[in-house]
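Since the structure comes first, as structure tokens, the remarks are kept for the end.
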Amino acid sequence: MSMRIYRVTVGRPGEEPRTLQVPSKTDIQAGDAAVAAMSEGDYILGIEEVDDPYQQTDAMPAGTQSHPDQIT
């Protein structure tokens, strides 16, 4: 499985949502990767795969359950 780019929309009640781009193999791991770039009190509002030829991201990929400290 190859690395893909996801746009994760995050926000807080009463504030304008913002988007983060993260690399991930799955949409679930994209949420995990976004947590590193989120602020305290942020919620994940949406996750969608995007086609970004430049692969610009705001966070590193998340690890796996068996190796949480290793990027896969």
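The values are calculated or read from the model by the stated rules, or taken from the named source; none is laboratory data. Everything numeric in this text was worked out from a predicted model, so none of it was measured. Heads up, the Cβs are rebuilt from the backbone with ideal geometry, glycines too, and the neighbour counts pull from every protein chain shown. Note: areas computed on protein heavy atoms with side chains; ligands, DNA, RNA excluded. Shrake-Rupley method; radii C 1.70, N 1.55, O 1.52, S 1.80 Å.
Below is a table of values for the structure above.
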{"read-out": "Accessible area of the chain belonging to carbon and sulfur atoms, whole % at 1.4 Å probe", "value": "47"}
{"read-out": "Mean accessible surface per residue for the chain, computed with a 1.4 Å probe while every protein chain stays in place, in Å²", "value": "68"}
{"read-out": "Net +/- balance of residues flanking Gln21 in space, Cβ distance below 14 Å, scoring K and R +1, D and E -1", "value": "-3"}
{"read-out": "Cβ-defined net charge surrounding Val8, 14 Å radius [Lys, Arg +1; Asp, Glu -1]", "value": "-4"}
{"read-out": "Extension gain (nm, one decimal) between Leu45 and Thr26, 0.36 nm per residue minus Cα-Cα", "value": "5.2 nm"}
{"read-out": "Surrounding net charge for Glu48, when Lys and Arg each add one and Asp and Glu each subtract one, Cβ distance under 10 Å", "value": "-1"}
{"read-out": "Rg in Å to one decimal, and Dmax rounded to a whole Å, for the chain via C-alpha atoms", "value": "12.0, 38"}
